[in-house]
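Structure first, commentary second.
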2 protein chains.
Amino acid sequence: MSSHLQNDLLIRAAKQQPVERTPVWMMRQAGRYLPEYQAVREKSDFLTMCKTPELAAEVTIQPVDIVGVDAAIIFSDILTIPEAMGLSLEFVKGSGPVFDNPVRNIDDVESLGKNILPELEYVGKAIEQTVSQLNGRVPVIGFSGAPWTLATYMIEGGSSIDYKVAKKLLYSQPDLLKRLIDALIPEIIEYLDMQIEAGADIVQVFDSWGGVLAPAEFEEFALKPMTLIVEGLKTRNPDTPVIVFSKGARTHLPSLADTGADVVSLDWMVDLGWAREQVQDKVALQGNLDPAILLTDPTIIEEETKNLLSSYGDGFGHIANLGHGITPDVPVENAKAFVQAVKDFGIKEVNC
Amino acid sequence: MSSHLQNDLLIRAAKQQPVERTPVWMMRQAGRYLPEYQAVREKSDFLTMCKTPELAAEVTIQPVDIVGVDAAIIFSDILTIPEAMGLSLEFVKGSGPVFDNPVRNIDDVESLGKNILPELEYVGKAIEQTVSQLNGRVPVIGFSGAPWTLATYMIEGGSSIDYKVAKKLLYSQPDLLKRLIDALIPEIIEYLDMQIEAGADIVQVFDSWGGVLAPAEFEEFALKPMTLIVEGLKTRNPDTPVIVFSKGARTHLPSLADTGADVVSLDWMVDLGWAREQVQDKVALQGNLDPAILLTDPTIIEEETKNLLSSYGDGFGHIANLGHGITPDVPVENAKAFVQAVKDFGIKEVNC
């Protein structure tokens, strides 16, 4: 499947197969910390960049060229799905994404668009262009938001600190939330499947806000939908690895390892070695340097990256990454120092 | 020690002694959800309320009278200590607390005030007035912020979403952060000791932002200082129970139970029964209803409270509370429904 790739370290590590070196990429690596990204961003707004395959492909490939990561994650946004379902999305400076028409009742849920793939064709095209331009240098990662995370934005009408509107709805009208989530699941499966068709070698499902749920609600509204999505994807694309990321999930790691995903991506609040004990090599692990470490300097970054690599230990199921997205204020040389440290100290003995 | 109390359920539960009923109070119970609080707040700004013992005592007692909680937590703010150490504190509408002169280098740390108790006399006076007016109806809870949480505000210069300034300093100048924390520890001990002298029957240390730290940093900058504070308090006041609260601590619960504290207060992201297994009855547990549940209605609140009580199970070491502070938009009748549900369904069999 990944025979077209010159560098397939990420794919092999995701499958816990032998690798000569730990692969590395960074969440939000196609982003504002790169002057080359900002140059593109100055000329187009964020949504236009997402929706213009040439621009999306350009910034997707930038970190491969500039920072030397082992994979390109398609430049896009998790809110493309809610928008394609009919919510009018705007990015307001200072307050982030805003939906004018949030989902608050059953009519709102029922009037959401179904079978929205045609609306999202631009993502497939961006992936096709990226794959074609990369020409097998590194794998391409597709992604989607998870149902609970998308639902919080759709209900709140934008970003939130405490998710009170979404959680009030969860506790007072759980059936309504369930219908919203049930509406999202097939769309997410179709969307990721389309990305794989377009050439994505691996996909990641981001549940950014799973961690704000109490345990029983996490299971019902985050874990179950995630499991259904992985199942749906695996039925159609058994060979394409799936990564799940649930920020703040900590105590739920064993459950995430049971979703059927190949890789669980970790935030920085858990120790990588401890996490490995929790999941018992059932999955590969991705992560989990505290992104704040990239604000220091190359010497500290190298030291902390060495610690990270040795905390995973022997074996092949580790994908080096941050525990959350890289922030705009990271100096590019610091991002490079992280990637270089993995390349220098992530060498593995392959006996086969 | 607590012989002056007509209702000492909280004190006995904190010591895991037999109680006829699970005690209940709510973090931030003296707060904006109460019209009676807002009436006081309309006439005085927040800091004036903290610093005027009559006003502080008045709002401290309100939830005992109105909502029927089993304890009164002194109305104050965790930022009283940084302010007394010389940082000029302002509460700016919309952005919360702001320090004009944040702590960023060694000179800033060295110029912080020491032995600041005289500056905080108003808190002692507020407790004395509260104790005198309550006349033993319920215990009074004193509190302080924990060193890491206070340090984040002092370094950031106010509230923060990602604590980047504080964490950059943590990773790049750990010795500087350590000096700041070492400067805070004795002041916190003195401050809580003074509150106990003034009549507080129990004290709580709030580490609101412990959960944003990676595990090794949590141990060094949150757990160790917390342990030293509990030790300092216990040396002088062996009979006064100490509660520690570290939001987002989850996987660190066994370590928190080893601090020497009597009670570990839980956020809502862990299951109470699971937490009890983690701490093995070494400590009592406080919490942990999702505060968002109070946004629903009395029927749902009663149901969820019953579930909470039964998830603790038999035995006497449970103090019912929320997993975080009550929010301003909670209807008073919902707060009452929570307290009443604990009173109705928290009855215990005492065999002695």
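Descriptive notes on the structure:
- Among beta bridges identified by DSSP and lying wholly in chain A, the antiparallel ones come to about 20 percent.
- Cross-link pairs exceeding 22 Å in C-alpha to C-alpha distance, out of A:Lys336/B:Lys164; A:Lys15/A:Lys282; A:Lys168/B:Lys336; A:Lys167/B:Lys306; B:Lys178/B:Lys282, comprise B:Lys178/B:Lys282.
- Distances between equivalent label points of B:Thr235 across the copies, with each point positioned 7 Å along Cα→Cβ, amount to 6.5 nm, shortest listed first.
- Rel. contact order, % - alpha carbon contacts under 8 angstrom, at least six apart, chain B: 23 percent
- Backbone N within segment A:165-208 under 13 Å of label point (7 Å from B:Asp329 Cα along the Cβ vector): A:165-170
- Based on C-alpha pairs under 8 angstrom that are at least 6 apart in sequence, segment A:208-346 has a relative contact order of 21 percent.
- Based on the convex hull around the alpha carbon atoms, the protein assembly as shown presents an average projected area of 29.9 nm².
- Where labels lie 7 Å past Cα in the beta-carbon direction, separation of A:Ile106 and A:Glu197 in nm: 3.4 nm
- Hydrodynamic estimate: the Kirkwood radius of segment A:125-267 over Cα pairs, inserted into Stokes-Einstein at 4 °C and 1.567 mPa s, corresponds to D of 83 µm²/s.
- Long-range HN-HN contacts of B:Gly158 with modeled amide H, under 5 Å: B:Phe99
- Under the Karplus curve 6.51 cos²θ - 1.76 cosθ + 1.60, θ = phi - 60°, whole-Hz ³J(HN,Hα) for segment B:158-174, x wherever Gly or Pro sits: x, 5, 8, 8, 10, 6, 5, 5, 5, 6, 4, 5, 4, 7, 9, 9, x
- Surrounding net charge for A:Arg236, when Lys and Arg each add one and Asp and Glu each subtract one, Cβ distance under 11 Å: -4
- Residue and distance (whole Å) for the chain A Cβ nearest the axis that superposes A on B: A:Arg250, 3
- Integer Hz, Karplus 6.51/-1.76/1.60 couplings in order for segment B:208-221, x for Gly and Pro: 4, 10, x, x, 8, 8, 5, x, 5, 6, 4, 4, 6, 9
- For B:Gly68, the point set 7 Å out from Cα toward Cβ sits 6.8 nm from its twins in the other copies, listed from shortest up.
- Counting only DSSP beta bridges whose two residues both lie in the protein assembly as shown, roughly 20 percent are antiparallel.
- For chain B, the longest piece that avoids every one of the trypsin sites (Lys or Arg not before Pro) found in DSSP loops with at most 12 other C-beta atoms within 10 Å covers B:115-352.
- The Rg/Rh ratio for segment A:1-115, using Cα coordinates for both the radius of gyration and the Kirkwood hydrodynamic radius, is 1.07.
- The relative contact order of segment A:133-241, computed from alpha carbon pairs under 8 Å that lie at least 6 residues apart in sequence, is 41 percent.
- Other-copy label distances relative to A:Glu119, 7 angstrom Cα-Cβ extension, nm: 5.5
- Residues whose placed amide H lies under 5 Å from that of B:Ser265, excluding near-sequence neighbours: B:Val244, B:Phe245, B:Ser246, B:Gln286
- Placing pseudo-labels 7 Å out from each Cα toward the beta carbon at A:Glu349 and B:Asn115 gives an inter-label distance of 6.1 nm.
- Inter-part distance, segment B:220-270 to segment B:179-217, computed on C-alpha centroids, equals 9 Å.
- Overall Cα dimensions of segment B:206-352, principal axis frame, Å, largest first: 43, 41, 27
- For A:Phe143, residues with placed amide H under 5 Å, excluding near neighbours: A:Gln204
- From phi via Karplus (6.51, -1.76, 1.60), per-residue ³J(HN,Hα) for segment A:100-110 in Hz, x at Gly/Pro: 5, 10, x, 8, 10, 9, 5, 4, 4, 5, 5
- Chain B - Rg (one decimal) and Dmax (whole number), Cα, Å: 19.1, 59
None of the figures in this text is laboratory data; all of them are computed from the coordinates on show. Note that the structure is predicted; figures quoted are calculated from it, not measured. Heads up, the Cβs are rebuilt from the backbone with ideal geometry, glycines too, and the neighbour counts pull from every protein chain shown.
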